[in-house]
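Bear in mind that the values in this text are calculations on the coordinates, not laboratory data. It should be emphasised that the depicted structure is a prediction, and the values quoted were computed from it without experimental measurement. Because the Cβ atoms are built from the backbone with ideal geometry, glycine has one as well, and the counts that use them run over all protein chains shown.
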Amino acid sequence: MIAGPGLPLATGARTTATAAGSRCKEVALRIARRRDDGDEHVPFTIPGCASGIDLKRVGSLRGDDADMAPDALFVVVLLFDSTSSAPSYRPLYREDVLMLRAPSLDGAQRLAERHGHDAETTFTNHAGETVSDRLVRVVDVAPALSDDFTTTVVDVYSRHFRDIAAYRRFDPLCDGEQL
C-alpha cells in the first residue's frame, strides 16, 4: 500500500520514498507514535511534504532502532516543580529543554529520566527556608529536527497545539507578562 497526501495510512504500511525534509520526518514520527497508541489508520496529510515518508525508518526511531547511528541527537523536555517550606511560597514549575545524544529513542528516554533525577535538588535559601526542585516528568523525547550546527539558525524541536488561549495562560511571557 502506498501512503500519500490525503490517503489513509494503515498499520504496517510504508512508502518507498524518503521524506523531503526534517519537518516531514518529525511529523511522520508523531504519526508513528499515534499508530503505536492503537489507531488503525491515521490520515497522512503533511502540507509541504511532497514526497512519501519511509515509515520503516520512522519506526526505527520509535525504539526498534538497531539501524540508527550510535549518536543520534534528541531533544528532551523535562518538567520540574519547586516547593518550599516558606508559608507564602507559591508553586513554581520549570520546563527545561535539552539536547542529548543516544543510540536509540529508548536510550534517550532512559538518559533523559536519569538526567532529570540527577538535576533534583534540595537547598536552604538566603532566608533559611528549604527549597526542593524535583522532576515531575519527562514531557517529550523526540529526534532533533536537524543536527547540522554549521548554519546560523538550526531548527531542533517543534510541537503542535490547538488551543492558543491555553498556551497564553500557560506561558505568561507570550503576552509580555513577567513571571
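Between Phe170 and Thr130, what length comes free when the chain is fully extended (0.36 nm per residue of separation minus the Cα-Cα distance, one decimal in nm)? Please report the intermediate quantities before stating the final value.
Working: separation 40, 0.36 × 40 = 14.40 nm, distance 2.62 nm.
Stretched fully, the Phe170-Thr130 segment lengthens by 11.8 nm.
When His115, His160 are sorted by how many other C-beta atoms sit within 10 angstrom of their C-beta, beginning with the fewest, the order is His160, His115. Annotation: extensible slack from Ser158 through Leu92 equals 21.3 nm (criterion: 0.36 nm per residue apart, minus Cα-Cα distance). Between Val139 and Glu120, the contour length at 0.36 nm per residue exceeds the alpha carbon distance by 5.3 nm.
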